[in-house]
Structure formats: structure tokens, C-alpha cells
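To start, the structure itself, in C-alpha cells.
None of the figures in this text is laboratory data; all of them are computed from the coordinates on show. Keep in mind it's a predicted model, so treat the numbers as computed, not measured. Every residue, glycine as well, gets a Cβ built from its backbone with ideal geometry; the counts of neighbours run over all protein chains shown.
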Amino acid sequence: MSGLITRRTMLGGSAASLLAAPWVARAQANTLRVGMQSILSGPIALLGTSSRNALMMEQDRINAAGGLLGRPIEFVFRDSKGQPQEAARLTRELVNSTGCELLIDAEASSGAFAVQEVVRDLGVACIHTNSETSSLTADPKIRVPTAFRVARQGVHDAVAGSAYLSEYANAKKLNKWATCSPDYAYGRDTTAQYLQFFKQFKPDVEVITEAWPKLGQPDFTEVITKLIQAKPQALFTLLYAGDLSAFVNQGNIYALFSQIAVATPNVDYPVLAAIKNLPAGIQSATRYLETFPNTPANKEWGQAYLKRWNERPTNWSWQNTVAMQFYEAAIKKANSLDGKALAAALTGMKINTPFGVDGTITMRDDHTTIGYAIGWGQTTPKEPFIVDVKAADWGKIIELETDWKKQQKYI
Amino acid sequence: MDIDALGACLTTPACVVTQTTSGLIVGMLLFLVAAGVTLIFGVLKIVNFAHGTFYMLGGYVAYTALGATDSYALAVLSGALSMALFGVVFERALISRVYGSNVLMQLLVCYAVVLIFDDLVKIVWGPEFHAMGMPPAFQVPPLFIAGGVVPPFYAVLIGIAGLIAIVLGLGLSMTRLGKTVRAAAINPQMVSVLGVNTTLLFAIVFAVGGGLAGLAGALAAPVRSLSPGMGFSVLIESFIVTVIGGMGSITGALVSALLIGLVRGFGTIGFPQFTDGLIYVVMIAILLLRPQGLFGRST
């Protein structure tokens with residue numbers, strides 16, 4: 001008899017379900033849905049996945065602390081595959097069909113600009129967590145009243161990197177430089193931006209050769225041998241992820257790194273983990289580093305991420321974490337989820353976070369963050385992978401960023 | 001365009017040695033992949049759009065085999081043999097069903113295999129890239145010949161690929177199997193009528209083609225990043241090699257792969273903004289002069 005469902009049991013169950021239905025519905029309605037779309041498949045899916053991982057940790061942390069406005073939060077993740085039109089469609093769907101009341105846009109720049117226009121239309125609160133293109137928030141024509149950015153910004157990185165590299169170049173007497181960056185908008189624009197500030201800090205610097213390999217190019221041999229022929233004293237490269245790994249591995253067998261100094265802002269944990277013979281002494285920015293800022297809170301977060309996901313966090317991971325920390329503080333302050341109310345609360349807000357260079361990050365009036373940890377140091381093949389890290393001077397960054405904004409006629 | 005730099009390079013022995021080695025390694029690895037494409041087309045008239053998948057899987061299998069055995073030689077062997085086996089399965093299970101079908105059907109079958117295996121690679125090895133790392137035996141300083149830089153690892157790779165080119169060339173011209181393959185390329189019906197087991201012959205052709213692509217993926221794994229979809233970039237260049245060399249010609253594949261390698265090697269000095277474009281210019285120029293390719297038969 002056991003194992004069979006009788007008619008009476010069935011009726012009883014149905015009655016119970018009917019009685020419970022409103023409670024279930026209310027519980028579901030009470031949940032605060034946060035929409036997030038990112039690149040969760042394709043060659044750089046690792047970055048999108050690392051964003052999702054960080055947000056799932058935030059979901060657990062916030063819910064354990066009682067949720068937001070007393071409501072548990074639940075993320076709704078969507079894969080845009082890195083296609084801007086898909087990112088825009090998903091944003092609209094997350095709000096209109098899935099009932100999301102807050103948005104995390106974890107797209108790269110191409111997708112973020114498409115999402116920005118949808119957010120302008122919807123009026124919902126949105127935080128871009130991964131777009132580094134400065135104009136997204138710097139250009140008043142592109143800026144949106146309810147959209148903010150919690151991510152490093154290209155112009156900040158360019159000033160910080162150029163200031164560090166000019167000091168390094170002066171100390172080592174490196175005047176002849178080469179560049180090698182991917183042949184698309186990011187590679188060309190950001191290289192130009194770095195060089196502009198680099199020449200400002202060190203007017204006698206000379207770029208004697210340039211290489212523009214294609215994104216995902218399997219072989220960099222001809223680029224490496226060209227660099228050997230040109231005999232620069234130093235190389236600046238914006239190659240990243242698998243391309244940077246292949247470039248380093250192929251450069252190693254030409255002993256490239258014993259012939260010239262190398263600088264890159266793009267060495268992060270996945271690259272460090274994948275390159276088996278990482279040369280020591282590459283000048284590198286810290287996109288995310290557990291030891292910079294060297295605080296217990298930063299180390300604790302990095303270790304918690306490693307323990308939960310069995311891999312190290314990326315730059316995108318900390319940026320998504322900080323976005324939720326900003327939402328949490330702003331919702332508490334505004335006591336509302338309304339886009340305009342949250343925008344008012346977020347503007348000028350300063351929060352305590354492990355990822356700020358002094359333990360805080362500020363959301364500036366132009367909807368972008370300042371004070372996050374930017375440092376440069378040199379690589380070492382073993383942990384902590386980047387040593388002698390020097391923190392960037394945020395006073396200098398803001399001063400030159402303001403000049404740049406004036407040049408661009410943004411202010 | 002920097003003609004002065006190119007002129008200076010061509011008159012400097014160090015530059016000539018370095019850029020020629022660079023061109024040879026790019027060309028030889030390309031030849032290994034393209035040889036399979038051209039062999040399969042020559043015999044079966046199938047344009048194998050899934051050939052890049054063999055290259056990708058060869059690299060991944062070698063990566064795993066190295067982890068298990070700690071031997072680069074065994075890793076390379078695993079990459080090549082597993083792809084030879086996969087070539088047979090691919091031919092028997094899928095391609096044999098679309099012989100004689102229109103090109104669109106063959107293209108769809110191949111494209112489905114590309115997508116399926118790109119996703120399977122993501123599931124098995126993860127979406128992030130991997131790097132095999134240089135085997136300890138090759139972690140040595142480069143050689144300097146006439147002032148030019150020659151990495152020992154590349155010298156060995158060029159040697160292996162060159163040896164395979166010779167074996168393949170001799171095998172096709174001197175052995176009974178090779179002669180049968182060449183005969184099947186010209187008139188498969190006649191070969192079949194003469195009592196040759198063409199089913200077995202076609203499977204062997206796919207085994208050789210797949211094995212060569214797997215070998216290229218495995219040989220290159222220490223210096224190239226492994227990522228899902230990596231086969232696509234080599235596939236395009238393999239087709240260019242096949243078209244320039246003449247569809248179906250192994251000698252043509254070798255010559256055109258080396259030509260592309262050298263165009264890349266020296267083009268990057270003289271035409272830094274136009275290196276990729278230069279390859280297509282060379283292809284157009286050759287096809288205008290010889291529409292059937294350098295070593296192709298006119299039809």
C-alpha cells in the first residue's frame with residue numbers, strides 16, 4: 001500500500017496546496033530579483049563566470065544579513081555571448097518579463113554601451129561592472145541618470161601606468177620602446193592613451209616599432225622576431241588572457257624577456273596560473289591581487305573565493321562585489337528601490353570595502369568610482385606573483401583625468 | 001609600409017636567419033594541417049570544414065597526456081594517434097553518409113561537428129584557456145646562427161614537419177597504398193572496379209589527415225594557448241594554403257605553406273599594418289595567374 005497515492009491523499013494534498021498557494025506566491029513576490037547579464041560563453045567566458053561567482057557570494061552574504069529592505073535577493077543570470085544586441089535585449093527582458101528590480105550589467109564595453117541606452121529608457125537602477133571605456137560615464141551625452149559604473153576606467157589606468165612606467169624608464173634609462181597590442185578598438189585606443197600620458201611624463205620616450213596582432217592569433221613568432229630585429233629597450237603590450245599567455249610562452253623560447261624590459265597592465269591570476277614559465281621582472285599592473293591592498297580583509301575575500309570556486313578571482317570579480325556593496329548601502333540610505341532615489345543615494349557615496357586603496361571607494365558625481373586599488377609592481381614566478389607593488393597617486397590621476405576631459409570637451 | 005626596414009633586413013644575415021626561421025615554423029605547422037585538408041579533398045572531393053577541430057583536439061589530448069605521463073613525446077604521439085582514430089570514426093559515422101551530396105550538406109555536417117566539439121571541450125577542459133608549458137628539455141637558450149636567433153624547440157619542430165613532408169611525399173609516390181590513393185584521387189570508380197577496398201582507403205585518408213592535424217596541434221601546444229574554438233584560425237589559413245597550392249596537391253600545400261610563412265615573417269617587417277592583407281594579395285595574384293593553384297590540375 002505504501003508508495004501508492006490514494007484519492008484521499010490526493011485530495012488532501014490539493015487542498016493543502018490551495019491553502020498554501022497565496023503564501024508561496026507572496027514569498028516569491030517578496031524576493032528581490034537582481035538581473036545580471038554577462039559573457040558566460042565563448043573565449044572570455046572565464047571573466048563572465050568570475051563575475052557570476054562573485055555575485056553568488058554576495059547573494060549569500062546579503063541574504064544571511066537579512067536581505068535588502070528585509071527581502072531576500074535572488075540573481076537572475078543571463079548569457080549575452082558578448083553580443084551587444086543580445087545584451088540590450090536581455091536587459092529589457094530581465095526588467096519587463098522576469099521582474100528584476102535592480103540590474104548588474106557585467107558586459108564588456110561593447111555590450112555596456114548597448115545596455116546603457118536600454119537603461120535610459122527603462123529608468124531602473126543599473127551598475128555597469130566591467131566596462132573600462134572612459135566615455136561610458138565621462139561623456140555627459142552618454143551618461144544616464146540611473147546608471148553607474150563600478151569598474152576600473154581606461155583613463156585612470158593610463159595615467160597610473162604611465163606615471164609608474166616613466167619613473168621606471170627614467171631609473172633604467174629606457175627611451176626606445178616598442179608596442180604590441182591587439183588589433184581592435186581596445187588595443188589601438190588604449191595604447192594611444194597610454195602613450196599620450198607616457199610622453200607627457202617622459203618627453204624623450206621614442207616608439208621605434210609597433211605590432212598589431214589579431215585577437216586570438218595562434219602564432220606570435222613573426223611579431224617576436226620583429227621586436228628582436230628592431231632592438232627596442234622596452235616593450236609595452238596590451239595583449240591579454242590566452243594571447244598574452246601564448247606571447248609569453250613563444251617569447252620565452254627566443255629569450256625575448258632577457259633582451260628587453262616588458263610592461264603590461266593585463267597580468268591577472270588566470271594568466272599567471274596558465275603561464276608555466278612566467279619570466280620574473282615584467283612590470284605589471286595589479287588588476288586583482290590578494291596582497292594589494294595588503295590588508296586582512298582583502299586576503300580574506302580572495303581566500304574565500306578560492307575556497308568556494310577552487311580558482312582565483314579576476315578583476316571582474318572584485319568589481320561585481322563592490323557593485324553589490326554600493327547597492328546595499330544605497331538601498332539602506334534611500335529606503336527604496338526606485339531608480340531616481342537610488343541614483344541620488346549613490347551619487348557621492350563613499351563605502352568601506354577591501355578593494356579601495358585606503359579601504360574606501362567613492363562613487364563620484366559623474367557616476368564612476370575613484371579610490372580603487374591601482375598598483376604596479378614586477379612579476380615573480382611564484383606567489384604572490386607580483387611584488388614591490390607601488391600604489392598609484394589618485395591626486396595625479398584625477399588631475400590628468402580632468403585635463404583629458406577638458407580636451408574631449410566633456411567638461 | 002616600411003620598405004627601408006625590409007631592405008635593411010634582407011641585407012642583414014641576422015635578420016634573414018631570424019625571419020626565415022620564423023617563416024619556416026609558421027609554414028611547417030600550417031603545412032601539417034593543410035596537408036590533411038588537401039589530401040581529403042584530393043581523394044574524396046570533400047572540403048573538410050571540421051579540420052580545425054582535429055587540430056584543437058590534438059592539442060587538448062596532448063595537454064592531458066602530458067599531465068598524465070610527464071612525457072612530451074608521448075603527449076605528441078597521443079595527440080596524433082587519437083586524432084587519426086577520430087578521423088576514422090568521423091569518416092565512417094558522418095562523412096561517408098554525405099559522399100556525393102551537395103556541398104551545403106557536407107558543410108552543415110562539418111559545422112555541426114565544429115560546434116559540438118567546441119562545446120564538449122568547454123565541458124571537459126573548461127571555457128578558460130590553457131597553456132601546456134615548454135617541456136624541460138627545451139627550456140634552453142636559443143641558438144645564434146650568423147647573428148640570427150633560432151630556438152632549439154622550433155628547429156626540432158621544423159625537422160619533424162620536414163620529415164613528415166618527405167615521408168608523405170615518398171609514401172604517395174613510391175608505395176602501393178600511396179599509388180592507390182593517387183589513383184583514387186583521379187578516378188575513384190575505376191579504383192573500386194579494380195577491386196580496391198575504397199571504404200578502407202577513404203577511412204585511411206581521413207586517419208592520415210586527422211592524425212596530421214592532431215600532430216600539429218600537439219606539437220604547437222607548448223607555445224600556443226589552448227582554447228575552445230582555436231581550430232577556426234588555423235582552418236582559414238589552411239584553406240588559403242590549399243587554394244594557393246592547388247586543391248589536392250601535397251607538394252602544393254608544402255610550397256604554399258612555406259610561402260605564407262615567409263610572407264608573414266618578412267611582411268611583418270616591411271608591411272606591419274598589412275601583414276594579413278598581404279597573404280590575401282599573394283593568394284589573389286597567384287590565382288589570377290594560375291586559377292588552379294601552383295600545383296593544381298586544371299579541370
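Just a few scattered comments:
- Cβ-based exposure ranking for B:Val16, B:Val167, in which fewest neighbours within 10 Å come first: B:Val167, B:Val16
- Label point 7 Å beyond Cα of A:Lys141 along Cβ direction - residues of segment A:372-411 with amide nitrogen under 14 Å: A:408-411
- Greater than 22 Å apart at Cα, pairs in A:Lys199/A:Lys231; A:Lys226/A:Lys390; A:Lys333/A:Lys409; A:Lys202/A:Lys396: A:Lys226/A:Lys390; A:Lys333/A:Lys409
- Estimated purely from DSSP H runs of n ≥ 4, each contributing -39500 (n - 2.57), the mean residue ellipticity at 222 nm for the protein assembly as shown is -19500 deg cm²/dmol once divided by its residues.
- Averaged over A:253-266, number of beta-carbon atoms from partner chains that fall within 10 Å: 2
- To the nearest ten degrees, helix A:315-334 and the longest principal axis of the Cα atoms of chain A are 50 degrees apart.
- Residue-span extension gain [B:Thr175 to B:Ser96] - 0.36 nm each, minus C-alpha spacing: 25.9 nm
- Sorting A:Val76, A:Val155 by the number of Cβ atoms found within 10 Å of their own Cβ, with the fewest placed first, yields A:Val76, A:Val155.
- Ordering B:Phe274, A:Ser336, B:Gly148 by the projection of their Cα atoms onto the charge dipole of the protein assembly as shown, which places +1 on the Cβ of Lys and Arg and -1 on the Cβ of Asp and Glu, puts A:Ser336 at the extreme positive end.
- 10 Å Cβ neighbours from other chains, averaged over peptide B:19-31: 3
- Euclidean distance of C-alpha centroids, segment B:233-292 and segment B:1-72, integer Å: 12 Å
- Ranked packing of B:6-12, A:192-198, A:136-142, most packed first, by mean Cβ within 10 Å: A:192-198, A:136-142, B:6-12
- When cysteine pairs in the protein assembly as shown are screened for C-beta atoms closer than 4.7 angstrom, the residues that find no partner are A:Cys100, A:Cys126, A:Cys180, B:Cys110.
- Most mobile of B:Ile25, B:Ile145, B:Ile46 in a GNM of chain B (Cα contacts under 10 Å): B:Ile145
- Taking every residue in B:212-224 and counting other chain Cβ atoms within 10 Å of its Cβ, the average works out to 3.
- Ascending count of other beta-carbon atoms within 10 Å, so fewest first, for B:Ser227, B:Ser173: B:Ser173, B:Ser227
- Taking segment B:213-242 and a reference point 7 angstrom along Cα→Cβ of B:Ile123, the backbone N atoms nearer than 16 Å belong to B:228-229.
- Gaussian network model of chain B, springs between alpha carbon atoms under 10 Å - residue of B:Leu157, B:Leu194, B:Leu57 with greatest fluctuation: B:Leu194
- The protein assembly as shown - Kirkwood radius from inverse mean 1/r over Cα pairs (Å): 27.9 Å
- Based on the convex hull around the alpha carbon atoms, segment A:49-177 presents an average projected area of 10.8 nm².
- Using alpha-carbon coordinates, inclination of helix A:221-230 to the longest axis of chain A, degrees: 40 degrees
- Selected from B:Ala185, B:Ala35, B:Ala112 as most flexible by GNM, with chain B as the system and alpha-carbon contacts under 10 Å: B:Ala112
- Of the DSSP H helices in chain B, those whose Cα atoms cover at least 20 Å axially and whose Kyte score averages -1.0 or more: B:13-44, B:51-69, B:72-93, B:103-125, B:152-174, B:198-220, B:231-245, B:250-270, B:275-289
- Neighbour count of at most 15 Cβ within 10 Å plus DSSP loop: longest chymotrypsin sites (Phe, Trp or Tyr not before Pro)-free window in chain B: B:100-273
- Given charges at Cβ of Lys, Arg, Asp, Glu: chain A dipole, positive-most of A:Thr31, A:Ala88, A:Tyr327: A:Thr31
- Note on segment A:145-221 and segment B:151-181: Cα centroid distance 44 Å, given to the nearest whole angstrom.
- Between helix A:241-253 and chain A there is an angle of about 30 degrees, using the helix long axis and the longest principal axis of the Cα atoms.
- Per-residue extension of 0.36 nm, minus the Cα-Cα distance of A:Arg308 and A:Asp338, leaves a gain of 7.5 nm for this segment.
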